[in-house]
1. Considering every residue within segment 189-197, establish whether at least one is assigned to a loop (DSSP other than H, G, I, E, B), within 9 Å of ligand 1 (Cβ to nearest atom) and within 22 Å of the chain's Cα centre (by Cα).
2. Condition test on residue 8, is it at pLDDT 90 or above and within 16 Å of ligand 2 (Cβ to nearest atom)?
3. So, of the residues in segment 165-181 that are out of contact with any strand residue (DSSP E or B) (no Cβ under 7 Å at 6 or more places or on another chain) and closer than 13 Å to residue 9 by Cβ, which turns out to be surrounded by the most Cβ atoms within 10 Å (Cβ to Cβ)?
4. Go through segment 46-65 and report how many residues are surrounded by fewer than 16 Cβ atoms within 10 Å (Cβ to Cβ) and free of Cβ contacts under 8 Å to residues at least 40 places away in the same chain.
5. Return the pairs, sorted by first residue and then second, in which the second residue is within 16 Å of ligand 1 (Cβ to nearest atom), the first residue lies in segment 200-212 and is within 11 Å of residue 190 (Cβ to Cβ), the beta carbons are less than 7 Å apart, and the residues are 6+ apart or on different chains.
6. Name the one entry in 222, 242 that is assigned to a helix (DSSP H, G or I), more than 9 Å from ligand 1 (Cβ to nearest atom) and at pLDDT 95 or above.
7. I need a count of the residues in segment 21-45 that are crowded, with 16+ Cβ neighbours inside 10 Å and touching a strand residue (DSSP E or B) at 6+ places or on another chain (Cβ under 8 Å).
8. Could you count how many residues in segment 188-236 are farther than 18 Å from residue 20 by Cβ and buried (at least 17 other Cβ atoms within 10 Å of the Cβ)?
Ligand SMILES: Nc1ncnc2c1ncn2[C@@H]1O[C@H](COP(=O)(O)OP(=O)(O)OP(=O)(O)O)[C@@H](O)[C@H]1O
Ligand SMILES: [Mg+2]
């Protein structure tokens, strides 16, 4: 199993990049794949162009609401264990799990512990896990172990965005998660620009061009799964994914 995470400031293209990785893995028949939307502002389903499923948080909330009216003899933890399976939505060629946003001050610690354990178990069933995160993965360790094989920090190419990406990197580093490799991905990379890897705290592994086809699809409310194989962003990401699968360079 290879577990990949994507982080970065809002609006830099995290979800688009995560979707492009998922699309590339699908086209290369690298199943089974689990896509996890761990951003409280979930938009991975929308970016892919599929229906938003019920989130894990919604399911936990439903269980909380009926905790005094559970089926006879059913313990709350057991019931939750059964219900959380609903959160894994089978799509064509991959599964999608949306974590959702915790509302209010309530921290269902029993649920978080159970979910961490459950996540650890289900993750073993997949060949690839692609997780779209909020900017700096602040809440990552609440419901998942926080272990990752590769973390990509996505940034736009201007100086302000790059400085923010660097702060995000430092912040993630201070969380002491178990992440094997961290890379930068520069999105909407200008054709003529050049980068010196020595200017970055971690290597820039990928320069993703602005893609008019992605822009057009989002104008038409269609998702990345509808991209053609001529899309320049898809070509760049799929070449990279090919290398990643064969263990070269990453
Ligand atoms: N390489 C690209 N070419 C063209 N459009 C792009 C590219 N990357 C991202 N976009 C567009 O930019 C917008 C923001 O991208 P995206 O939703 O992936 O960012 P994000 O970092 O996930 O944002 P958020 O923080 O809101 O979750 C989307 O409309 C997406 O279609
Ligand atoms: Mg996003």
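1. Looking through segment 189-197, at least one residue is assigned to a loop (DSSP other than H, G, I, E, B), within 9 Å of ligand 1 (Cβ to nearest atom) and within 22 Å of the chain's Cα centre (by Cα).
2. It is true that residue 8 is at pLDDT 90 or above and within 16 Å of ligand 2 (Cβ to nearest atom).
3. Only one residue tops the list, namely 166.
4. Number of matching residues: 3.
5. 207/186; 207/189; 209/189; 209/232; 209/233; 209/236; 210/188
6. 242
7. Residues in segment 21-45 being crowded, with 16+ Cβ neighbours inside 10 Å and touching a strand residue (DSSP E or B) at 6+ places or on another chain (Cβ under 8 Å): 16 in total.
8. Here the count works out to 2.
The values are calculated or read from the model by the stated rules, or taken from the named source; none is laboratory data. Not measured: the values here are computed from a predicted model. Cβ sites come from the backbone with ideal geometry, for glycine too, and all protein chains shown count toward neighbours.
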